[in-house]
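J.: The following block contains the structure, expressed as structure tokens.
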Ligand SMILES: *Cc1c(COP(=O)(O)O)cnc(C)c1O
């Protein structure tokens, strides 16, 4: 125990991520590309990648080169993929580190070539199959694939993968899914016709991995499911994924309210009966959405307790419903679903967002994260400083 009590902490269980990776790989039946962008969806990128590898992840993927380079610097020597660059990006470090970079265009291939010294770059091509976000649109495929093959012949790079991304995989009956998969097949045929023979062709994120077996191709790219969050609430069967993150704090104060007392900024909630309320020392400065004002619940003393009034920068108030709960009692914002506390998905549903946003934003810059390992077979208690 520290001398000073922690205000709050985010606890992440490596065993959950390891088990989820194992489960996803076994379910998919193809190699797993574990996605750890945005600091491992808020869980901690380096330990998340380590746990995913221990659980059998064949590849690790990030959005940016900086993230992938940070993984190399932390000692990850396995296959790594990144996919988001900006014009003028320097690819030399990623190429030298053997990281697979992604090209969306001929211009990007040329920028990658500029970073090549002796060994050819490892390059994956992203095709746009109907997300209309990143990737090469079909009209540009002939020129892209032709240049890609030329560069292979010239020893500039090796095209290691061709991939795309779904727009609506969390809605399994959405017609866009079939359409995108058909367009992806067209892209693969066109690439093969141009003489490209990549190691991996991949399309599925977590939701598609679980809901569209036909979209698994040579590998699946799973992010949210790796962290034990349901990628398509209402559609996915329970395959036993375990949420890896728990957010805990303690009641800073408890008080009795009389009817008519209005709580927090703007007085948006008024007690209509005598009750007790507790002060939770976390707020939007810690990534607790202000939108959760009067909407979400937290777990205190074995029950779900509603937030009353506005979430402030550093604190919010919960209704203890007259219960005599002592200051210092543990508060779980989400996690520990077996203990009946809310889940990240409960928070997402309460405020009309997705569990991705809840776990990725929680903590901000001031809540410490502590890694535990309930498997016991591995090192326990990686602290934040050991993460990088
Ligand atoms: C974030 C991301 C993923 C992972 O998606 P999940 O839904 O979290 O599994 C896969 N591919 C791309 C391109 C992404 O940006």
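J.: What is the log10 of I(q)/I(0) for the stretch 1-152, computed with the Debye formula using one identical point scatterer on each Cα and no solvent, at q = 0.13, 0.18, 0.19 Å⁻¹?
T.: Results for the stretch 1-152 at q = 0.13, 0.18, 0.19 Å⁻¹ read -0.68, -1.09, -1.16.
J.: What is the ratio of the Cα radius of gyration of the stretch 1-91 to 2.2 N^0.38 Å, with N the residue count, to two decimals?
T.: 1.24
J.: Another question, then. May I have the pair-distance distribution P(r) for the stretch 248-388, computed from all Cα-Cα distances with 5 Å bins from 0 and rounded to whole percent?
T.: Using 5 Å bins, I get a P(r) of 2, 10, 18, 22, 20, 14, 8, 4, 2, 1, 0 for the stretch 248-388.
J.: Additional query: For the Cα atoms of the chain, what angle does the longest principal axis make with the long axis of helix 141-153, in degrees from 0 to 90, nearest 10?
T.: Once rounded, the angle reads 70 degrees.
J.: Further question on the same structure: Over 17 Å apart: what share of the alpha carbon pairs of the stretch 65-193 falls there, rounded to a whole percent? Don't jump to the answer; show the numbers that get you there.
T.: Values: 4809 of 8256 pairs.
Taking all Cα-Cα pairs of the stretch 65-193, the fraction more than 17 Å apart is 58 percent.
J.: Take the Cβ-Cβ distance between residue 238 and residue 66 as r, set R0 to 41 Å, and report the resulting FRET efficiency rounded to the nearest 0.05.
T.: 0.70
J.: Using Stokes-Einstein with the Kirkwood hydrodynamic radius over Cα pairs, what translational diffusion coefficient do you get for the stretch 106-148 at 25 °C and a viscosity of 0.890 mPa s, in µm²/s rounded to a whole number?
T.: After rounding, the answer is 215 µm²/s.
J.: Follow-up question, since we're still on this one. Based on the mean of other beta carbon atoms within 10 Å per residue, what is the order of 355-366, 151-162, 77-88, most packed first?
T.: Packing proxy ranking, top to bottom: 355-366, 151-162, 77-88.
J.: Thinking of the stretch 175-258 as a set of Cα atoms, what percent of all their pairs are more than 16 Å apart?
T.: Pairs farther apart than 16 Å: 66 percent.
J.: For residue 26 and residue 265, what does the FRET efficiency come to when R0 = 51 Å and r is the distance between their Cβ atoms, rounded to the nearest 0.05? Could the numbers behind the result be given before it?
T.: Details: r = 49 Å, r/R0 = 0.96.
E(calc), rounded to 0.05, equals 0.55.
J.: Using helices alone, I'd like the mean residue ellipticity at 222 nm for the chain: each DSSP H run of four-plus residues gives -39500 (n - 2.57), total over residue count, nearest 500.
T.: Rounded to the nearest 500, it is -8000 deg cm²/dmol.
J.: Could you check the simple spin-label distance between residue 133 and residue 197, using points 7 Å along Cα→Cβ, in nm with one decimal?
T.: Placing both labels 7 Å along Cα→Cβ, they lie 3.3 nm apart.
J.: On the first, second and third principal axes, largest extent first, how far apart are the outermost C-alpha atoms of the stretch 201-298 in Å?
T.: That gives 62, 24, 23 Å along the principal axes, largest extent first.
J.: Once the Cβ-Cβ distance between residue 291 and residue 153 is put in as r, and R0 is 51 Å, what FRET efficiency do you end up with, to the nearest 0.05?
T.: 0.40
J.: Here is a follow-up. Given N residues in the chain, what is its alpha carbon radius of gyration divided by 2.2 N^0.38 Å?
T.: 1.11
J.: To continue, here is another question. Short version: what are the Cα gyration tensor semi-axes of the stretch 14-57, square root of 5 times each eigenvalue, largest first, in whole Å? Before the final figure, lay out each step's value.
T.: Details: eigenvalues 61, 21, 11 Å².
After diagonalising the Cα gyration tensor, the semi-axes are 17, 10, 7 Å.
J.: Taking a quarter of the surface of the convex hull around the Cα atoms of the stretch 217-274, what do you get in nm²?
T.: Mean projected area of the Cα convex hull: 8.1 nm².
J.: Working from the alpha-carbon coordinates of the stretch 148-195, get Rg over Rh, Rh being the Kirkwood radius.
T.: Rg/Rh for the stretch 148-195 comes to 1.15.
J.: Here is a further query. Restricting to the chain, compute how many DSSP beta bridges are antiparallel as a %, nearest 5.
T.: 50
J.: How far is helix 14-28 tilted off the main Cα axis of the chain, in degrees rounded to 10, range 0 to 90?
T.: Helix 14-28 sits at roughly 50 degrees to that axis.
J.: Counting pairwise Cα distances across the stretch 117-249, what percent come out greater than 20 angstrom?
T.: 51
J.: I would also like to ask the following. For the peptides 171-177, 337-343, 313-319, what is the packing order when you average, over each peptide's residues, the other Cβ atoms within 10 Å and list the highest mean first?
T.: So the peptides 171-177, 337-343, 313-319, ranked by packing, come out 313-319, 337-343, 171-177.
J.: Then there is this: What is the angle, in °, between the Cα long axis of helix 45-54 and the longest principal axis of the Cα atoms in the chain? Nearest 10 is fine, range 0 to 90.
T.: The helix 45-54 is inclined about 70 degrees to the chain.
J.: Further question on the same structure: Could you give P(r) for the stretch 333-372, binned at 10 Å from zero, as whole percent values over all Cα-Cα pairs?
T.: 28, 51, 21, 0
J.: For residue 314 paired with residue 326, estimate the spin-label separation in nm (one decimal), with each label point 7 Å from Cα along the Cα-to-Cβ line.
T.: About 2.6 nm separates the two model spin labels.
J.: Based on other C-beta atoms within 10 Å, arrange 367, 123, 11 from fewest to most.
T.: Working: 367 20, 123 26, 11 17.
By the 10 Å Cβ count, ascending: 11, 367, 123.
J.: Next up: For the stretch 275-337, place one equal point scatterer on every Cα, skip the solvent, and apply the Debye formula. What is log10 of I(q)/I(0) at q = 0.24 Å⁻¹?
T.: For the stretch 275-337 at q = 0.24 Å⁻¹, log10 I(q)/I(0) is -1.01.
Since every read-out is calculated from the coordinates, none of them should be taken as a lab result. Everything quoted here is computed from the prediction, not taken from an experiment. We place every Cβ from the backbone using ideal geometry, glycine too, and count neighbours over all the protein chains shown.
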